[in-house]
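Enquirer: So that we are looking at the same thing, I have put the structure below in structure tokens.
Derivation of every value follows stated rules applied to the coordinates shown; laboratory data play no part. Quick caveat, the model's predicted, so the values are computed rather than measured. In this analysis, Cβ positions are derived from the backbone assuming ideal geometry, glycine residues included, and neighbour counts consider all displayed protein chains.
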Amino acid sequence: MNGERDTQVGNNLARWVMRQVGILLLALALPACGDDGLGKSFQPRPPGDSDENLGGPLPIAVGDTFWYQFSQTHRRSTSANQGTGLIEGEKQAVGHLCLKVAEVRDTNQQAYRDRPETVLVARAKIVGGINDADIVFSDQDATGAPEASVVEAALTNLWLKKLAVPLRGHGLLTPTNKEFHTRAAPTPPGQELAYLPFFDVRTSVDKAWGGWSYTNDACADQLEEGPCVAESGCRWDISGQVCLSTTLNFLNDMLIYFISTYGVTFYTDNTRFQERHPVSSNCPSYATLQACQMAQCTWDFMANGGAGACITLFSIDVRWRETQSTGPAELQGPVLHRVRLEYNEDGSLRAGDEIIAPDPNPGTPLAADLTNFTGCFDNQACAVAKFELDDRTWGEAYCTF
């Protein structure tokens, strides 16, 4: 389930199969073109011309830029060497991802109206530091130069590592056109960079995709199974005895992975799985930090020249127990795993972070273990990863095309 597929075809097929199985399981667990008027010849729209009947355009446009910094770290222990002050056995990789949107193949354009999703094509470049041509990595256990394969092996179970690029041979040393998906959550299998930076925030006209989340009022109005299944685009949730929409969206796609992989009973057991996705609205209307946070919005301290502003973010925080059989020996066996993702209102990634640490109570799991899991445990092994938008001033120093 967590392994990389050999080909892109394999990736897409596996993700499609996962979705189909997951959608079935999820139901058991989760609450005109041209002018052809008389006397005129038909004139098709240009390929890039949007059609209002196909919905509004994606908020992300050609020329938009996104500068990211990322890091992945494995620590054999959180203890520091008394002589050097360095974390014992630490292996780390650090880099910068530069994206400049070159093309938007939008489903609201006639040329792409029948495509399964909007695809963003961006000029992509990976650098380490300002003077480094590639990702920078280190290994405190190495007696000489660190080996990329050794560091890769230590980071192998991190989602945000798989969703980044290999330390070497990733093909993005120079700006290169790369396609990015917009209608899939970045879950296994086949995790790679194309699934991370963007998602389509819109609900598609055909209701096949519902943006971040989706509520169908026609479904909600059906109180019994018969009328529910008779209503187009609805399904009956047996466990919750409610009528829900069949429209796929980012949140459902994310959670489908856990139900399909671990089962419905795992998903509903808060000692083994927990997830949070705060719902907020009218965030820009809140003028103070306190009011913003009370409304479950996010305060952007850097906005308005440092004065700050209240903004809307799409966020999900998932924490679960699992048993790992690959990667460093000190993180094999029962572990706690946490992944948190934040996206801006336009559907671009704002930040992601991840933690893997030994399970403190594998025999007697407690819900509090997951609820309070926010960082590494003292003097124990730990793997962490971050992926976040770079400050514009510093980001431009790395991202020159």
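Enquirer: If amide H atoms are built 1.01 Å from N in the plane of the peptide, which residues on other chains or at least 5 residues away come under 5 Å of the amide H of Glu103?
Expert: Under 5 Å from the amide H of Glu103 lie the amide H atoms of Val121, each far enough along the sequence or on another chain.
Enquirer: Explain nothing, just compute: Karplus ³J(HN,Hα) = 6.51 cos²θ - 1.76 cosθ + 1.60, θ = phi - 60°, for every residue of segment 66-75 in order, whole Hz, x for Gly and Pro.
Expert: Working through the residues one at a time gives 9, 9, 10, 10, 9, 8, 9, 9, 10, 10 Hz.
Enquirer: So what are the ³J(HN,Hα) numbers for segment 260-268, from phi and the Karplus equation (6.51, -1.76, 1.60; θ = phi - 60°), rounded to whole Hz, Gly and Pro as x?
Expert: So the Karplus estimates, Gly and Pro as x, are 5, 7, 10, x, 5, 5, 5, 4, 8 Hz.
Enquirer: Classify segment 183-282 from the C-alpha gyration tensor, please: rounded if a/c falls under 1.5, else prolate or oblate depending on whether a/b exceeds b/c.
Expert: oblate
Enquirer: Would you mind checking the pairs Lys161/Lys207; Lys100/Lys161; Lys91/Lys178; Lys125/Lys207; Lys91/Lys162 and listing those with alpha carbons more than 27 angstrom apart?
Expert: In this structure, Lys161/Lys207; Lys91/Lys178; Lys125/Lys207 lie more than 27 Å apart at Cα.
Enquirer: Amide H to amide H under 5 Å from Gln324: which residues, 5+ apart in sequence or cross-chain, H placed 1.01 Å off N in plane?
Expert: HN-HN under 5 Å from Gln324: Gly333, Val335.
Enquirer: Here's something else I'd like to know. With θ taken as phi - 60° and the coefficients 6.51, -1.76 and 1.60, list the Karplus ³J(HN,Hα) couplings across segment 230-237 in order, rounded to whole Hz; mark glycine and proline as x.
Expert: Using θ = phi - 60°, the values come out as 7, 7, 4, x, 10, 9, 9, 8 Hz.
Enquirer: Ranking request for peptides 321-334, 338-351: highest mean number of other beta-carbon atoms within 10 Å first, then the rest in descending order.
Expert: Going by the mean number of other Cβ atoms within 10 Å, highest first, we get 338-351, 321-334.
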